[in-house]
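Peer 1: Quick one: structure below, then a few questions.
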Amino acid sequence: MIKPIPISSLKPGVYIHDLKCSWLEHNFLRNSFLVGDEETVRRVRETGVQEILIDIKRGIDPEAVVAVEPPAVEAAPARPEAPQPEAAPAVVVAARKSGSEFERARALKGEANLIVRDMMTDIRLGKQIELEKIEPLVERIVDSIFCEPDALAPLARLKEHDAYTFQHSVSVCALMVAFARTLGLDRPTIREIAIGALLHDVGKAKVPDEILNKPAKLTDAEFDKMKSHVVQSKIILQASPGISQIALDVAAQHHERFDGSGYPNKLRGDEISLYGQMGSIVDVYDAITSNRVYHKGMAPTEALRKLLTWTDGHFKPDMVKAFIRSVGIYPTGALVRLESRRLAVVQSQNDDKPMQPVVKVIFHTAGHYLKPQNIDLRRSQDRIVGHEDFESWQIDPVRWLPQ
């Protein structure tokens with residue numbers, strides 16, 4: 001929903017739909033973006049605009065009155081109505097106590113995207129990476145994943161076509177932290193893994209835009225240029241004071257494959273470090289679940305199934321299984337179909353029952369919206385029978401993310 005607000009109401013967590021000024025009057029990448037921090041608030045106010053348009057489906061409403069009533073039911077689309085079958089008995093889950101953590105994760109994602117974008121711009125200008133600008137962000141990402149694992153990762157999966165390169169880096173960082181946590185690695189190691197993940201694609205700053213953003217298949221020469229980003233990432237990071245070997249391994253080895261078919265060094269098996277193996281799995285997962293100009297992203301559950309088929313060559317089976325444990329068989333934020341013919345969005349994982357997460361029921365396949373209801377499938381007679389695509393059902397994924 002788009003609404004105008006006075007500039008005085010702007011705060012972190014708001015999604016700006018339109019700055020209501022020309023591109024020449026501001027220095028932001030786009031006219032629409034998530035406000036990540038107070039510094040961004042200050043920069044927007046410095047443009048001199050008195051009023052902006054915001055999207056309260058994609059960010060917070062700074063003028064909203066806090067209420068305890070359940071969210072309003074979305075109006076049904078113009079489709080034939082059908083009688084709703086009796087719902088399977090279920091246990092409704094109480095409202096989450098950590099709602100503020102989801103708001104913080106939303107703001108953190110926006111801030112991270114801006115920081116990585118600015119860093120890529122600096123690299124193109126020949127500037128060196130300044131780790132002191134990255135480290136506080138990484139600490140907050142790690143804290144967010146440890147505090148509420150289901151908050152940041154599904155948000156990071158949402159990307160815009162014109163900002164894929166740096167948004168992919170933020171998404172890989174969040175997923176790598178969750179993966180490392182599942183593997184039981186210590187916090188200092190996880191911190192270095194997160195730095196490597198956030199910086200793993202910095203070499204793409206050296207790849208021409210016409211190749212990086214080409215909407216068609218690359219020629220052999222163009223693909224060779226694209227593959228060179230891995231070597232460029234390693235060169236850039238080696239020249240950055242304070243970079244650890246762990247972070248370097250993530251960046252330098254995320255395109256290596258367990259059977260030796262990867263690049264740039266065709267490393268095989270355990271020649272690839274633990275951190276490089278992690279990076280290769282996460283990088284592929286995020287890439288194949290993302291919508292790009294030239295292909296539609298897979299549903300998360302289908303992508304995990306695809307990763308399992310590649311364990312006979314590309315990836316170590318135990319590592320893929322560990323990654324699946326970290327995101328869930330039905331990842332948080334995914335749209336699933338229940339046996340009762342209802343559609344639901346996965347809200348959180350039950351580690352003891354990975355096939356039975358907590359879901360929010362929102363829609364019936366007969367063609368009408370339902371009153372939103374959180375259900376813990378461990379205590380329900382209903383069950384998941386498949387995954388669905390948001391776009392096919394014309395459902396806005398942002399509206400139904402965990403919160």
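Bear in mind that the values in this text are calculations on the coordinates, not laboratory data. Keep in mind the model is a prediction, meaning the values are calculated, not measured. Every residue, glycine as well, gets a Cβ built from its backbone with ideal geometry; the counts of neighbours run over all protein chains shown.
Peer 1: Within 10 Å, count the other beta carbons around each residue, average over each peptide in 318-325, 132-139, 331-338, and list them highest first.
Peer 2: Working: 318-325: 17.5, 132-139: 15.5, 331-338: 24.0.
For the peptides 318-325, 132-139, 331-338, the packing ranking is 331-338, 318-325, 132-139.
Peer 1: Can you figure out the FRET efficiency of VAL41 with PHE146, using R₀ = 30 Å and their beta-carbon distance, to the nearest 0.05? Write down the numbers at each step before the final one.
Peer 2: Numbers: r = 27 Å, r/R0 = 0.90.
With a Förster radius of 30 Å, E is 0.65.
Peer 1: Where does the charge balance sit around ILE272 when Lys and Arg score +1, Asp and Glu -1, over other residues with C-beta under 12 Å from its C-beta? All intermediate terms of the calculation are to be shown ahead of the outcome.
Peer 2: Values: positive: ARG257, LYS266, ARG268, LYS316; negative: ASP249, GLU256, ASP259, ASP270, GLU271.
Summing Lys and Arg as +1 and Asp and Glu as -1 gives -1.
Peer 1: Evaluate the distance, in nm, between pseudo-label points positioned 7 Å from the Cα of THR311 and of VAL231 along their respective Cα→Cβ axes.
Peer 2: The answer from the label model is 3.4 nm.
Peer 1: Send over the Kirkwood Rh of the chain, from the inverse of the averaged 1/r over different Cα pairs, rounded to one decimal Å.
Peer 2: 22.3 Å
Peer 1: Find out how many positive minus negative residues lie around ALA322, taking Lys and Arg as positive, Asp and Glu as negative, among other residues whose Cβ is under 15 Å from that of ALA322.
Peer 2: Values: positive: ARG181, LYS316, LYS321, ARG325; negative: ASP318, ASP351.
Taking every other residue near ALA322 into account, the sum is +2.
Peer 1: Here is a follow-up. Please report the spacing between the Cα centers of region 281-324 and region 359-403 in Å, no decimals.
Peer 2: 23 Å
Peer 1: If you place +1 on the Cβ of every Lys and Arg and -1 on the Cβ of every Asp and Glu, how big does the dipole about the Cα centre of region 281-403 come out, in debye to the nearest 20?
Peer 2: Details: 17 positive and 14 negative charges, 57 e Å.
I would put it at about 280 debye.
Peer 1: Please list, or write none, the aspartates and glutamates whose alpha carbon is within less than 16 Å of the alpha carbon of LYS266, excluding same-chain residues fewer than 8 places away.
Peer 2: ASP224, ASP249, GLU256
Peer 1: Now a separate question. Quick one: net charge of VAL142's neighbours, Cβ under 15 Å, K/R +1, D/E -1?
Peer 2: Numbers: positive: ARG104, LYS109, ARG140, ARG181, ARG187, ARG191; negative: GLU101, GLU111, GLU135, GLU139, ASP143, GLU148, ASP186, GLU192.
Here the charged neighbours net out to -2.
Peer 1: Evaluate E = 1/(1 + (r/R0)^6) for THR182 and LYS127, where r is the Cβ-Cβ distance and R0 equals 45 Å; express this FRET efficiency to the nearest 0.05. Before the final figure, lay out the partial values.
Peer 2: Values: r = 35 Å, r/R0 = 0.79.
Working from the Cβ atoms, E equals 0.80.
Peer 1: Can you tell me the convex hull volume per residue for region 158-273, based on C-alpha atoms, in Å³ to the nearest whole number?
Peer 2: On the way: hull volume 13.7 nm³, N = 116.
That works out to 118 Å³ per residue.
Peer 1: Roughly how big is the chain's charge dipole about its Cα centre, with Cβ charges of +1 (Lys, Arg) and -1 (Asp, Glu), in debye to the nearest 20?
Peer 2: Working: 52 positive and 55 negative charges, 106 e Å.
Here the chain has a charge dipole of around 500 debye.
Peer 1: What percent do you get for the relative contact order of region 301-388 when only Cα pairs under 8 Å and 6+ apart count?
Peer 2: Working: 148 pairs, mean separation 21.6, N = 88.
Computed over region 301-388, the figure is 25 percent.
Peer 1: How big, in percent, is the set of alpha carbon pairs in region 252-357 lying more than 18 Å apart? Walk me through the numbers on the way to the answer.
Peer 2: On the way: 2912 of 5565 pairs.
Cα-Cα pairs in region 252-357 separated by more than 18 Å: 52 percent.
Peer 1: Then there's this: Between ALA163 and PHE223, what is the spin-label point distance in nm, taking each point 7 Å from the Cα along the Cα→C-beta axis?
Peer 2: The modelled label-to-label distance comes out at 3.1 nm.
Peer 1: With contacts defined as alpha carbon pairs under 8 Å and 6 or more residues apart, what's the relative contact order of the chain in percent?
Peer 2: Values: 710 pairs, mean separation 64.3, N = 403.
Result for the chain is 16 percent.
Peer 1: Can you compute the helix-only [θ] at 222 nm over the chain? Use -39500 (n - 2.57) per DSSP H run of at least 4 residues, normalise by all residues, nearest 500 deg cm²/dmol.
Peer 2: Details: 12 runs with 158 residues, N = 403.
Theoretical 222 nm ellipticity from helices: -12500 deg cm²/dmol.
Peer 1: Name the helices (complete DSSP H segments) of the chain with a Cα length along the long axis of 20 Å or more and a Kyte-Doolittle mean of at least 0.5, or state none.
Peer 2: On the way: long enough: 99-124 (39 Å, -0.48); 131-147 (23 Å, 0.59); 164-182 (26 Å, 0.86); 220-238 (28 Å, -0.33); 274-288 (22 Å, 0.68).
Qualifying helices: 131-147, 164-182, 274-288.
Peer 1: Label points 7 Å out from Cα along the Cβ direction at ASP318 and ASP209: separation in nm?
Peer 2: Taking the two extended label points, one gets 4.7 nm.
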